Amino acid sequence: MSFYPASFERLTDCLRRLPGVGAKSAQRMAFWFLSLSDAEAEDFAAAIVEAKHSLRRCSVCQNLTDGETCAICASLKRDKSKICVVSDPRDVIALERSREYDGVYHVLHGVISPLRHIGPDDLTVKELLARMDGSVEEVVMATNPDAEGEATAMYLSRLIKPLGVRVTRIAYGVPVGANLEFADDATLFRAMEGRREI
Ligand SMILES: [Zn+2]
């Protein structure tokens, strides 16, 4: 039997679903939420609902945005002849931090993984190929340097190269198997600078 009221249990159950949060942290967070004023708590809940309702995929690069196209695709300063392919919206944020890259992106929303039954049709591969309309000169593969990231980069390279587009892979100073998201800015800067044709 639980020591806590049902509504408190419900809150901790929700918080436990957050990545990396265990029972104890969830309880600590629940108490923290209860210490907020009504207005602060409502603001918190509303932020989740609003993000959920307003965020969608950019019609061009599939990155998250709250408009029709994202700020990067809409910018006149970005080189549209260069597309950097990443698996996750968080990788766009990481690469933008390095300030080395001036092209645009394409977010796959995952990688090909036979083990997890994720195939090309589950990703935004079709949308990427649709962008190869003759105006694109280079596609930079920036999926993570693990087995699935490498296999996905090779798969896409085989589809894109025959279209006469240069395909490159970013050079990794990060250890094999590491996540792009967690690489420091200097490493990402060098990785983009030292990309090679594949
Ligand atoms: Zn976009």
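The values are calculated or read from the model by the stated rules, or taken from the named source; none is laboratory data. Only a predicted model underlies this, so the values are computations on that prediction, with no experimental measurement involved. Note that we place each Cβ from the backbone using ideal geometry, even for glycine, and neighbour counts take in every protein chain shown. Accessible surface is based on the protein model in full, side chains and every heavy atom, while ligands, DNA and RNA are left aside. Shrake-Rupley method; radii C 1.70, N 1.55, O 1.52, S 1.80 Å.
A few points about this structure:
- The C-alpha atoms of the chain define a longest principal axis, and helix 147-160 lies at about 40 degrees to it.
- With R₀ set to 22 Å, the beta-carbon distance separating LEU115 from GLU181 gives a calculated FRET efficiency near 0.55.
- Each of VAL21, ALA153, GLY103 was scored by the projection of its Cα onto the charge dipole of the chain, and the greatest displacement toward the positive side belongs to ALA153; charges sit on the C-beta of Lys, Arg, Asp and Glu.
- From helices alone, the chain scores -12500 deg cm²/dmol at 222 nm; the rule is -39500 (n - 2.57) for each run of n ≥ 4 DSSP H residues, then divide by the residue total.
- Solvent-accessible surface of the range 84-198, averaged per residue with a 1.4 angstrom probe and all protein chains in place: 50 square angstrom.
- Under 13 Å, Cβ to Cβ, from CYS58 - net charge with Lys/Arg +1 and Asp/Glu -1: +1
- Volume per residue for the range 57-197 equals 102 cubic angstrom (convex hull of Cα atoms).
- With a simple spin-label model that places each label point 7 Å from the Cα along the Cα-to-Cβ direction, the separation between LEU36 and GLU193 comes to 4.3 nm.
- Anisotropy class of the range 6-54 from Cα gyration tensor, a/c 1.5 cut: oblate
- To put it simply, the accessible area of the chain at a 1.4 Å probe is 56 percent carbon and sulfur.
- In the chain, the longest principal axis of the Cα atoms and the axis of helix 23-35 are about 70 degrees apart.
- Were the residues from ARG57 through ASP102 laid out at 0.36 nm apart, the gain over their Cα-Cα distance would be 14.1 nm.
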